[in-house]
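Take a look at the structure below.
The values are calculated or read from the model by the stated rules, or taken from the named source; none is laboratory data. For clarity, every value in this text was computed on a predicted model and none was experimentally measured. Reconstructed Cβ throughout: ideal geometry from the backbone, glycine too, with neighbour counts over all protein chains shown. Please note that ligands, DNA and RNA were not included when accessible areas were found on the heavy atoms of the full protein model with its side chains. Shrake-Rupley method; radii C 1.70, N 1.55, O 1.52, S 1.80 Å.
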Amino acid sequence: MKSKEKKEIFSKTIDELKKLLKETRDELFNIKLEFSQNKLKNPKELFWKRKKIAVILTAVREKEISDAKNI
């Protein structure tokens, strides 16, 4: 994942991130399904989707903590 993509993720709101997280998890499910059926051309996609999910979850947690400190 490029740093530009990470900056875009960290600049979004919590609601946008949760929506993006759901979409990415659905994509990961479909990739796993294709992998199990031997239709996936690039197995490295599994790694990149999991990594993207981790970055999104990190951004959500970071925003939740910063919101809690501001209250």
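Data overview
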| quantity | calculated |
| --- | --- |
| Selection status of LEU40, in a helix (DSSP H, G or I) and hydrophobic (A, V, I, L, M, F, W, C) | no |
| Answer residue from segment 35-49, given it is charged (D, E, K, R) and surrounded by fewer than 14 Cβ atoms within 10 Å (Cβ to Cβ) and is nearest to the chain's Cα centre (by Cα) among those | LYS44 |
| Options LYS32, LYS18, LYS22, LYS7; residue that is closer than 23 Å to ASP67 by Cβ, open to solvent by 70 Å² or more (accessible area, probe 1.4 Å), in a helix (DSSP H, G or I) and in contact (Cβ under 8 Å) with a residue 12 or more places away in the chain | LYS18 |
| Total residues in segment 12-71, condition in contact with a helix residue (DSSP H, G or I) (Cβ under 7 Å, 6 or more places away or on another chain) and among the aromatic types (Phe, Trp, Tyr) | 1 |
| Selection status of ILE65, open to solvent by 100 Å² or more (accessible area, probe 1.4 Å) and among the aliphatic types (A, V, I, L, M) | no |
